[in-house]
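Read through the structure below, which is laid out as structure tokens, and then see the notes.
What follows is calculated from the coordinates using simple rules that are stated; it is not laboratory data. All values derive from a computational prediction rather than experimental measurement. Here Cβ is always computed from backbone atoms with ideal geometry, including for glycine, and neighbour counts include all displayed protein chains.
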Amino acid sequence: MKNRARNKKKEEGEEEEEMKTRRLSSKRGRAFGCFLAWETRHVSIPALNDSQYIGMSVYNVVIMCVSGAAVSFIIKDRPTQSFVIIGLFIVFCTTITLCLVFLPKIIQLKRNPKGDESRVRATLRQSAKKTTKFEFAAQRERMKATCEENRNLRTLLEQVGRLGLSF
């Protein structure tokens, strides 16, 4: 009898450990997907630049999960209705995600079935160029030189205007 209780307790512990592992790997997968969407947001090939749609898909999944959990919690005493509503949330969420990712590509294929647009090289652009202190100082020096040249040219124009010469 005690042996069965130990085995049952051990199985419950294993199940709990397995659930923790599943949750952790699920979180890692979502985090990795978000990371990839963020890093590829500046791909210069329009057909591959899905980051906006993937971001909307992530928001879609979060909203549907929160909504589904809330509804499930509210009607937990009615298992049949709860099962139907959660199933609808899952199907709806999956459908929206697939549409967000693949519909823009299908639309692009419909617009240009031959694919004879000029190909753009697949590169990642820098998201924002950071100006170093050296570059900032060089820009400031160029600005000073330009302002000085501007003053000199204005003075020269004033002198030419006084002499009455025209061009």
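Some points to look at:
- Length released on extending from Lys110 to Ala70, taking residue separation times 0.36 nm less the Cα-Cα span: 10.4 nm
- Listed from fewest to most Cβ neighbours within 10 Å, the set Lys105, Lys144, Lys114 follows the order Lys114, Lys144, Lys105.
- Neighbour-count ranking [beta-carbon atoms within 10 angstrom, fewest first] of Leu100, Leu163: Leu163, Leu100
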